[in-house]
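Only one structure is covered here, and it is reproduced in the block below.
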Amino acid sequence: MSTETITPADSAAESVTTLVERLARAGRAAQKVLARMPSPDKERALKLAGAALRRAGPGILEANAKDMAAGEARGLSSALLDRLRLNEKRLEAMAAAVEQVAVLADPVGDVIGEDARPNGMVLQRVRIPIGVIGIIYESRPNVTADAAALCVRSGNATLLRGGTEAMHSNRAIHAALVEGLVEGGVPAEVVQLMPTQDRAAVGAMLKAAGLIDMIVPRGGKSLVARVQAEATVPVLAHLDGINHTYVDHSADPAMAAQIVLNAKMRRTGICGAMETLLIDATYPDPHGLVEPLLAAGCELRGDARARAIDPRILPATDEDWDTEYLEAICAVAVVDGIDDALAHVARHSSGHTDAVVAQDQGVADRFLSEVDSAIVMHNASSQFADGGEFGLGAEIGIATGRLHARGPVALEGLTTYKWLVRGSGQVRP
């Protein structure tokens, strides 16, 4: 007979595990109903969900005000508070994103490959939903709406686990979304929000292989690292957004200055923000790149050659080249042309988004070809690393791995495929 003692923590963990299993099974059953819904019906339901978000706007903003007050009291960083904050403009953008997803082409049922075999069999590869997708995220309440919309449009059920800092906002957004979806005939269990903020719920989701088909983490490095280390469920994720902008000697100075300033300072707390500026040693106006950043309140940390550009640039440490600041801080290095820039990016990039500013097409082509990141840009701000800006309507995250999906993950990234084989009596000899 075992003498093992069951502690309250064990009991609570068991309860959370049971909860996750129950929600996942309910999501699985609801997803089967959703998978049978015609595309126009899913489109209508999402439009109703967008309208419901607008109707619930005052209540959502009131809930967000509670989260903001709690976050300020807890001492959240300015970057996290910016991610958390909702206002009328951001709320409208959230509702509009849901409606944009509604009218995107439905990937489910697309034939992505077809072949007739010599024996007369016809083979097709057809897109299908993944199934039940668990999404674990921090800070950004808009993820609740984006994830729900993308999952519904692609025929998936989703189990959402938002961060405690956005608890009231997430609940208000979820309630509005479900109201609209149900009005459109989508089962409420297609989009479920974890009803507890117990951290054990995250662990239970990560271990729910067979019940949850894929986990998507969106948050800080520690969250994503934990998910990747502990999950028995397949994970679609990225770690840091250590993004570089390389300004070649051939760059147009006015264009380069504008891109660099926007890449860092438009919104410092998003994963597409530039964290390291690389300047070609022969670029004619390096001060024209750093001055606007300094004037905008950005702290610059550079190597010896970068510090020679402006005395206000602080010394960089080894850690600065591998840091995702997510605030008004940027590392600056002077490099000896495209070869040195490529070497620096290869050593320090997290594989998220890297950009080159150059008029020399040969330099641009080398950068685009040789930088092994999910998104590589030429003469554009890294702040465009966003599913909406890519015409995808919204994104469930940006993946930096090499399997299944890479870059902004939207509708197609939330599908898999199956083989359909049509024969006429063939048997294998």
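For mean projected area of the Cα convex hull in nm², the choices are [x] 27.7; [y] 19.8; [z] 21.5; which was calculated from the structure?
[x]
Cross-chain or 8 or more residues apart, Cα under 30 Å: how many lysine pairs in the chain fit that? Count them up, please.
17
Is the C-alpha gyration tensor of region 1-153 telling us rounded, prolate or oblate? Criteria: a/c under 1.5 is rounded; beyond that, a/b larger than b/c is prolate, otherwise oblate.
Taking the square roots of the gyration eigenvalues as a ≥ b ≥ c, region 1-153 is oblate.
At q = 0.08, 0.13, 0.15 Å⁻¹, what log₁₀ I(q)/I(0) does region 131-288 have when each alpha carbon counts as one equal point scatterer in the Debye sum?
Cα-only, vacuum Debye calculation for region 131-288: -0.34, -0.70, -0.82.
Which order do the peptides 293-303, 412-422 take when ranked by the mean count of other beta-carbon atoms within 10 Å per residue, highest first?
293-303, 412-422
Treat the count of other C-beta atoms within 10 Å as a stand-in for reagent exposure and order D115, D360, D106 from fewest to most.
D115, D360, D106
Run lengths n ≥ 4 of DSSP H only: what is the helix-derived mean residue ellipticity at 222 nm for the chain, with -39500 (n - 2.57) per run over all residues, to the nearest 500?
Helix contribution divided over all residues of the chain: -13000 deg cm²/dmol.
Cα extents of region 301-429 along the three principal axes, largest first, in whole Å?
79, 31, 27
Defining a contact as two alpha carbons under 8 Å apart and six or more residues distant in sequence, what relative contact order in percent does the chain show?
19
Within 10 Å, count the other beta carbons around each residue, average over each peptide in 391-399, 322-330, and list them highest first.
The densest-packed peptide leads the list: 391-399, 322-330.
I need the shape label for region 243-384. Rule: rounded when a/c is under 1.5, else prolate if a/b > b/c, else oblate, with a, b, c from the alpha carbon gyration tensor.
Rounded, because the longest to shortest axis ratio a/c is under 1.5.
Can you grab the distance from the C-alpha centre of region 300-371 to the C-alpha centre of region 23-67, Å, no decimals?
Comparing the Cα centres of region 300-371 and region 23-67, I get a distance of 42 Å.
Every number here is computed from the coordinates shown, using simple stated rules; none is lab data. Since this is a predicted model, take the numbers as computed values, not measurements. Using ideal geometry, Cβ is built from the backbone for each residue, glycine included, and neighbour counts are taken over all protein chains shown.
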